[in-house]
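J.: Pasting in a structure now, in structure tokens, and then I'll have a few things to ask.
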Amino acid sequence: MIHANYSNSRMHIPDGFLTPPVWLTLDVISVPVVAWVARRRPAVVSDLDRRVPLMGVMGAFVFAAQMINFPVGLGASGHLLGGTLLALMLGPGAAAIVLTAVLILQALLFQDGGVLALGANIFNMALAGVLLGYLPSRLFGRNMVTIFLGGMLSVLISGVLALAELQTSGVAITGHPAQVALLLFALTGIVEGAITVVVIRSIERLNHTALRSTSATSLHARLAVIGAAAVLALCGAWLASGAPDSLQLLASNVGLDAEPVWTHSPLANYEVSSLGPEWARRPAAGLLGLAFVYTMFSLGGKKR
Amino acid sequence: MHHRVIDQWSRGVSPLHALSAGVKLAALLGILIAISAAPTYPTIITASGLLTIAAMVSGLPFTGLLSRAAFVLPFTAIFALLTWWSGDPERALLLVAKSFLSGFAAVLFAATTPLAAWTNTLRRCRFPSTLVTVIEFLYRYLFVVAQQAETMRWAARGRGGFRFDAAGGAVGALFARSWQRADGIHRAMLARGFQGTPK
């Protein structure tokens, strides 16, 4: 039996790959974000010390769940990566903390990802991955489609960010290897989405108390999500400016380059051409795009 | 499991084990930063020399340490081969050397410093205490939950292996049990007067 375990096409960047400016920047971004999330007090203070052991055991669960292989055909198997599942079960903040703890232990005890590269790996998987895994369910309510979408997006964004960071560090991945990598990320994403759906359905069947009811989105939570997404867009734009190739490759892979509508839109080429100095254009375009997407989502999404 | 060996190693006795976790953490970061910031052969040779001496002092099996550090190689090898093919063999070798040495430094740190020692250092360095406590809990229950998953895997193998949805059921059950375990742990902690951080 071939154990082509998809997630072993790992997204954990080891040390030695990223150049100092890249890992330093991402450390400087990730550390305060994680610290902020970790220091936030939940509405009910007594909840905090209940959640600490829960988060720890859930981290152990993520490790353990990866031992259970899901057959995906052709003798290959995949396993749960867990970012989306945790985000939906514990909330995105707690999920980010749990995954950060997992990544720190993986770096030190399992040689899965580097120590200096921790900032990058935390950013890719524990922050961006969790956020994108959570966003569809948050905006459209939780159902099989949004869960699947979340699982898929979280893996895709982690993979693409890792590629972009490597690219920015001058590790050459262009042409076919990059396409293969993106294909692998897409496959891993589909597997993750499917696994997350079956697991959540089975937890529902167990009628478990852990299932969080989708509460009405408070203004505060929305602002937090928007803020985090904005930071993400800024970083993404910054990375994209350093690594246009891989993102364009992604675009061509998903068919966005076939006479796309948005080349004629004001956000063409991710630049707001008519306003602001050179350096502000890409981020501004990213933010505008985000605002647009958010408006569309909140207009189209079910109000709960 | 892999970390069981490291856990045992970290409880050994040697001058390197006796060194404070903070000093070792600083040394680890120093070596990693040097390798990353000045990736030249003099740096690499100096770092390998220092790490070899440190490994000797630790009294741990040298080949064992090397093979654990080799866990980084599958990832590295792919990119090294790609770089080689794109006509830059020297850079490819450097990539392997850098990531392997960095991995070795991390292994040596983890194999001579018990987890509780470095998490306490992190706490003293004003790392968010929630995060540090979660790391400690995670490590403490890793064996327990992993054992449960292992049992499930054996049981499934006895029934002829998992189908996709059955594996989902197993992970769901594992999740539910972990959740109940966490609740039980929390109640037990309250009974013993827990107030946010371990004493």
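What follows is calculated from the coordinates using simple rules that are stated; it is not laboratory data. Please read all numbers here as calculations on a predicted model, not as lab measurements. Here Cβ is always computed from backbone atoms with ideal geometry, including for glycine, and neighbour counts include all displayed protein chains.
J.: Quick one: the Cα spread of region A:58-215 along its three principal axes, in angstroms, biggest first?
T.: Projected onto its principal axes, the Cα set of region A:58-215 covers 49, 33, 31 Å.
J.: Follow-up question, since we're still on this one. Can you give me the orientation-averaged projected area of the convex hull built on the Cα atoms of region A:38-130, in nm²?
T.: Mean projected area of the Cα convex hull: 6.9 nm².
J.: For chain B, which DSSP H helices look membrane-span-like by this rule: Cα extent along the axis of 18 Å or more and mean Kyte-Doolittle of at least 0.0?
T.: The qualifying helices are B:21-37, B:41-58, B:89-112, B:129-158, B:164-191.
J.: Using helices alone, what [θ] at 222 nm do you get for chain B, with -39,500 (n - 2.57) per DSSP H run of 4 or more residues, divided over all residues and rounded to the nearest 500?
T.: Helix-only estimate at 222 nm: -27000 deg cm²/dmol.
J.: Testing the spin-label approximation: label points 7 Å from Cα along Cα→Cβ at B:R4 and B:A70. State their distance in nm.
T.: Each label point lies 7 Å from its Cα, and together they span 2.1 nm.
J.: Would you work out the relative contact order for chain B, in percent, from Cα pairs under 8 angstrom that are 6 or more residues apart?
T.: Rounded, it is 25 percent for chain B.
J.: Taking the mean number of other Cβ atoms within 10 Å as a proxy for protection, how do you rank A:20-26, B:54-60, B:36-42 from highest to lowest?
T.: Those peptides, ordered most packed to least, come out A:20-26, B:54-60, B:36-42.
J.: Same structure, new question: Quick check: Cα centre of region B:137-199 to Cα centre of region B:30-86, how many Å?
T.: If we compute the Cα centre of each part, the gap is 35 Å.
J.: Per 10 Å bin, what percent of the C-alpha pairs of region B:5-74 does each bin hold, from zero upward?
T.: The distribution over region B:5-74 is 17, 48, 32, 3, given as percents.
J.: So for region A:95-147, Kirkwood radius off the Cα pairs, Stokes-Einstein at 4 °C and 1.567 mPa s: how many µm² s⁻¹?
T.: In µm²/s, the coefficient rounds to 109.
J.: Along the three principal axes, how long is region A:110-173 when you take its alpha carbons, biggest first, rounded to the nearest angstrom?
T.: Largest to smallest, the principal-axis extents are 39, 25, 17 Å.
J.: If one puts a single equal scatterer on every Cα of region B:143-195 and applies the Debye formula without solvent, what log₁₀ I(q)/I(0) results at q = 0.13, 0.26, 0.32 Å⁻¹?
T.: Here the Debye-derived log intensity ratios amount to -0.42, -0.98, -1.17.
J.: Tell me, what does the Kirkwood hydrodynamic radius of region B:65-199 come to in angstroms if you use every pair of distinct C-alpha atoms?
T.: 19.0 Å
J.: Can I ask one more? Among B:120-130, A:136-146, how do they line up from the highest to the lowest mean number of other beta-carbon atoms within 10 Å?
T.: Final packing ranking: A:136-146, B:120-130.
J.: Which whole number gives the average, over all residues in B:146-152, of C-beta atoms from other chains lying within 10 Å of the residue C-beta?
T.: If you average over the peptide's residues, the count of other-chain Cβ atoms is 4.
J.: Over the Cα atoms, compute the radius of gyration (one decimal) and Dmax (the largest Cα-Cα distance, rounded to a whole number) for region A:59-98, in Å.
T.: 11.9, 37
J.: Taking neighbour counts of Cβ atoms within 10 Å as a proxy for exposure, in what order, fewest first, do B:Y141, A:Y134 appear?
T.: Sorted ascending by nearby Cβ count, the order is B:Y141, A:Y134.
J.: Would you please give the FRET efficiency between B:L93 and B:T52, computed as 1/(1 + (r/R0)^6) with r the Cβ-Cβ distance and R0 = 25 Å, to the nearest 0.05?
T.: Rounded to the nearest 0.05, the efficiency is 0.85.
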